[in-house]
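The values are calculated or read from the model by the stated rules, or taken from the named source; none is laboratory data. This structure is a prediction, so every number in the text was calculated from the model and none was measured. Cβ placement follows ideal geometry from the backbone for every residue including glycine, while neighbour counts extend to all protein chains displayed.
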Amino acid sequence: MGRPKEHDEFTRERLLEAAERISGTEGWEAVTVRRVAEEAGTSTRAVYALFGSKEGLEQALHEAMFLRLRDLLEGQAPSEDPRADLIELALAYRRWATERPQRYAIAVHRFLGSGSGQRSAEGIEAARAALEVLDRMIRRCQEAGMFPGQEVEAVARQLRAAVHGLAEFENLGLLGPDPRADCVTVVEAVLDGLGASKGTAPVTVPAAAS
């Protein structure tokens with residue numbers, strides 16, 4: 001029989017959860033290999049065996065977060081209604097942001113925008129794949145006549161900003177009793193403002209004058 005692994009996936013996840021708890025209450029600067037090991041009820045040896053260093057632990061968090069986002073967005077089955085599908089993608093992002101609030105806070109403050117977090121190549125690729133799902137859906141909406149005159153990047157940015165703000169409010173307990181309904185209401189208003197109203201007819205491009 002082969003020798004059982006001393007540090008398994010369960011230990012790995014406990015360490016990731018310990019790192020996010022410490023970061024969520026005290027900031028990433030408070031995260032150390034020893035603190036994480038103590039919080040997880042294991043040894044520093046486990047941290048080094050599984051991640052190599054504090055930087056490796058941070059990269060593993062980055063990878064786990066953005067693989068989850070990618071899987072949630074790619075898991076949305078398309079329908080005949082691209083507008084409704086785009087709303088479902090927004091709700092999938094909301095789920096990602098609110099199911100692990102402390103982990104999401106790390107994503108926002110260390111890995112998104114101008115954050116200085118240690119990112120993994122796998123996590124970067126997963127984040128790109130997730131954004132491409134959103135971009136493809138926006139292009140599909142454009143083919144149906146929505147977002148006239150709007151760039152895909154601009155639509156994606158405004159939609160992400162709206163859902164991010166909603167998720168931050170939800171994580172702080174500042175939304176109403178039905179946060180999902182609040183999210184749908186705001187996302188629909190954003191889409192309408194960008195020119196993706198319900199029942200928008202496909203745009204017909206006139207033939208060039210001879």
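Within the range 19-38, can you find the residues that are at pLDDT 95 or above and either assigned to a helix (DSSP H, G or I) or of a type outside the set (Val, Ile, Thr) (or both)? Step through it out loud before you land on a result.
Here is the first cut: in the range 19-38, the ones at pLDDT 95 or above are 32-38.
Answer for the range 19-38, where residues must be at pLDDT 95 or above and either assigned to a helix (DSSP H, G or I) or of a type outside the set (Val, Ile, Thr) (or both): Val33, Arg34, Arg35, Val36, Ala37, Glu38.
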Discussion item. Pairs please, first residue from the range 126-142 and closer than 13 Å to Val155 by Cα and free of Cβ contacts under 8 Å to residues at least 40 places away in the same chain, second anywhere and crowded, with 20+ Cβ neighbours inside 10 Å and of a type in the set (A, V, I, L, M, F, W, C), Cβ atoms under 6 Å, 6+ apart in sequence or on different chains.
Written reply: none
Discussion item. Restricting to the range 79-109, give me the number of residues that are surrounded by fewer than 21 Cβ atoms within 10 Å (Cβ to Cβ) and touching a His at 6+ places or on another chain (Cβ under 8 Å).
Written reply: 1
Discussion item. Checking Tyr48 against (1) assigned to a helix (DSSP H, G or I); (2) under 23 Å from the mean Cα position of the chain (by Cα): exactly one of these is not met. Which one?
Written reply: (2)
Worksheet item: What are the residues in the range 73-98 that are free of Cβ contacts under 8 Å to residues at least 40 places away in the same chain, in a helix (DSSP H, G or I) and either in contact with a strand residue (DSSP E or B) (Cβ under 8 Å, 6 or more places away or on another chain) or under 21 Å from Ile124 (Cα atoms) (or both), if any?
Response: Ala92, Arg95, Trp96
Worksheet entry | Top-ranked residue of the range 132-161 - restricted to ones that are surrounded by fewer than 17 Cβ atoms within 10 Å (Cβ to Cβ) and within 30 Å of Thr25 (Cα to Cα), ranked as farthest from the chain's Cα centre (by Cα) | Gln158
